[in-house]
Amino acid sequence: MRPPYPHPIIAREGWPFLAIAILVALALTWTGLWLLAALAWLGVAFIGQFFRDPPRAVPEQANAVLSPADGKVMAVERARDPYLDRDALKISVFMNVFNVHSNRSPVDGEVKKGWYFGGRFLNAALDKASLENERNALWIHTESGADVTCVQIAGLIARRILCYVQPKDRLRKGQRFGFIRFGSRVDVYLPLEASPQASVGDKVFAGETILARLPAGS
């Protein structure tokens, strides 16, 4: 696993895109093509806001399950966890292009297994995107014995899922573990005994918003 991320305001995944955009904008400005230069600087601003990566204040409650992504809660429901083959509480968070796209661990624990599936690029807001789109899933086992599945799902525009952890790595709650470019979704599967703290339509923030609480002892 990579060393702790320093939170440099702009996510490292965006550095090449931002550098190229700035060079293009500077070149157009230098040549006096003012309209094109203005559009290019707007592009720089858009790339900067898309790849922004602010630090977060992580809640300390031991049984709290944090949102792994910024966005809007689009599902809180009982569902089948296809990765651990169990009934589970599923909470889904949809990210649009204006949200921060860094993904953070919802719990403290050890990565027991990971799965990657190539797939389609349907609108991530559709229910079938959970099983048909390109996705990367992590099984995180907490010290108290709870199993949490966190799934990064590509969307209609998103074409690159990045995950920086592997089995046997340990994650801290709120720790950055991946990134999805250009709009997407993250699903979290929890034990049925977990108590949801978020509702459909809620705006949530990765590493800060409590989505659910695991039962005592989990």
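The values are calculated or read from the model by the stated rules, or taken from the named source; none is laboratory data. Remember, it's a predicted structure, so these values are computed and weren't measured experimentally. Here the Cβ is made from the backbone with ideal geometry for all residues, glycine too, and neighbour counts use every protein chain on show. Please note that ligands, DNA and RNA were not included when accessible areas were found on the heavy atoms of the full protein model with its side chains. Shrake-Rupley method; radii C 1.70, N 1.55, O 1.52, S 1.80 Å.
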### Query
How large is the accessible surface per residue of the chain, computed with a 1.4 Å probe and reported in Å² as a whole number?
48
### Query
Can you give me the relative contact order of the chain as a percent, contacts being Cα pairs under 8 Å and 6 or more apart?
26
### Task
Just grab the label-to-label distance for Leu26 and Ile9, each label 7 Å out from Cα along the Cβ direction, in nm (one decimal).
1.7
## Note on the structure
In deg cm²/dmol, rounded to the nearest 500, the helical mean residue ellipticity at 222 nm of the chain, built from -39500 (n - 2.57) for every DSSP H run of length 4 or more, is -5500 deg cm²/dmol
### Summary
Per the rule of 0.36 nm per residue minus the C-alpha distance, extending Ala62 to Leu36 adds in nm 4.2 nm
### Query
Counting only protein heavy atoms and using a 1.4 Å probe, what share of the accessible area of the chain belongs to carbon plus sulfur, as a whole percent?
61
### Task
Would you indicate which of (i) 155, 56, 23; (ii) 67, 33, 27; (iii) 65, 34, 30 is the value of Cα extents along the principal axes in Å derived from the coordinates of this structure?
(iii)
### Task
Please calculate the 1.4 Å probe accessible area of Thr31, with all protein chains present, and give it to the nearest 10 Å².
80
